[in-house]
């Protein structure tokens, strides 16, 4: 049992890397620690405890995680250093061997961090608590607010897909979620606290319901029935899980924004098979066309990966041509990075690093052109913008329901409010 009197008014600092899911989890950890007496440290103030929530999606993410750990140890030399997140789940011993780290927690333990915080005395050698992936069971729906008025609601964690290039199932475990009823309670609390925009996040968001016998479609129906001046966005959702009924529902819903983020990963059917993806290009194209049929002004972001093992120049050109044919708004281009323990390491040929970067640049140019075309198509249209509390020069910005970024003169009274506007220039 944690003695909470040990932590009253102790200062805590956080450092979060990676996805929005990590930010939601860090926010939840902050709430747990506040309940047992911790207070946030101020800027340039040394903390008593530092929590570092890491990412491990690429080798670069691991490297950045190590850099942040060393930087926080240097900045807070007397602090009790806790490292958690995907990097901690995958390589706990590597992190535990970093001089200055005191506690390493895996994905299962992160959710109940306070159970492991018995004291905050510096350790000669870091302790680590990480169960095997198959034993990861803990899940709590969580909601965090960032500094742009947007909230992130964690509705699901883990993944059962085991794509050949990906370590996420090893880092986060099997797909799991809370019930719709429990998830709705978290959303209701966020709305009562003033949330105007809530983004539904997860590792495999559309797989919601696997552990409770419910469905993602039922969840968004329940959320749409909540009262309040709020809108929802669906974060990344697999194309095979983005059903026609979900698309049609978003088109006619009260609160869901016409904004989709859909991972493609490759525009080559041969590569999709090598990746063990659960769809082909025909299904993906159908989903894009379906969205545009019922929501012509919808923003569609697409994830794509370049330089994967097996991606010959011919297959890359096939991917490029397919992407150019799609009526999408923007690409999120990722350069493939080899990950230990993945089946992709058995695939040939290997794409040289410089060639991976070249292909990334090519798709980035396509993305820029598509984004400009989408923004140009929105000029003169009416939309509702949610203004954010950020100031650049004399201006503030916000996003419309279909994710067009707009600016106006800064007005503090507009922060976290909706305003009907006409989009003038892109």
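Can you tell me how much longer the chain between residue 185 and residue 293 gets when fully stretched, taken as 0.36 nm per residue apart minus their C-alpha distance, in nm with one decimal? Extending this stretch completely gives an extra 35.5 nm. Footprinting exposure proxy ranking of 205, 215, fewest other C-beta atoms within 10 angstrom first, gives 215, 205.
Taking 7 Å steps out from each Cα toward its Cβ at residue 137 and residue 193 produces label points 2.8 nm apart. Below 8 Å between Cα atoms, with a sequence gap of 6+, how large is the relative contact order for region 4-135 in percent? It rounds to 22 percent for region 4-135. With r as the distance between the Cβ atoms of residue 119 and residue 74 and R0 = 30 Å, compute the FRET efficiency 1/(1 + (r/R0)^6) and round to 0.05. Calculated transfer efficiency: 0.85. Distance between the 7 Å Cα→Cβ label points at residue 312 and residue 270: 0.4 nm.
Provide the FRET efficiency to the nearest 0.05 for the residue 377-residue 36 pair, computing r from the beta carbons and using R0 = 51 Å.
Working from the Cβ atoms, E equals 0.50.
Taking 19 Å as the cut-off, the amide N atoms of region 206-234 that come nearer than this to a point 7 Å along the Cα-to-beta-carbon line of residue 389 belong to 229-231. Estimated at 0.36 nm per residue, the fully extended path between residue 357 and residue 44 surpasses their Cα-Cα distance by 108.9 nm. Here the chain was treated as a single set of alpha-carbon atoms; its pair distances binned every 10 Å from 0 give 4, 20, 29, 28, 16, 3, 0 percent. At 0.36 nm per residue, minus the direct Cα-Cα distance, what do residue 67 and residue 340 gain on full extension? Give it in nm, one decimal, please. The residue 67-residue 340 span can extend by a further 96.3 nm.
The value of relative contact order for the chain, using C-alpha pairs under 8 Å at least six residues apart, is 10 percent. Calculated mean residue ellipticity at 222 nm for the chain: -10000 deg cm²/dmol, from DSSP H runs with n ≥ 4 weighted as -39500 (n - 2.57), summed, divided by the residue count and rounded to 500.
Within the listed set 91, 412, 370, the residue fluctuating most in the Gaussian network model of the chain (springs between alpha-carbon atoms under 10 angstrom) is 412. Note that region 142-372 carries a Kirkwood radius of 18.6 Å, evaluated over its alpha carbons pair by pair.
Sorted ascending by nearby beta carbons within 10 Å, beginning with the fewest, 368, 269 become 368, 269. Largest GNM mean-square fluctuation across 204, 44, 416, computed for the chain with C-alpha springs under 10 Å, falls on 44. Counted over the chain, the DSSP beta bridges are approximately 35% antiparallel. When peptides 395-401, 195-201 are ranked by their average number of other Cβ atoms within 10 Å per residue, the highest-first order is 195-201, 395-401.
Every number here is computed from the coordinates shown, using simple stated rules; none is lab data. The shown structure was predicted, so the numbers you read here are calculated from the model rather than taken from an experiment. Backbone-built Cβ (ideal geometry, glycine too); neighbour counts: all protein chains shown.
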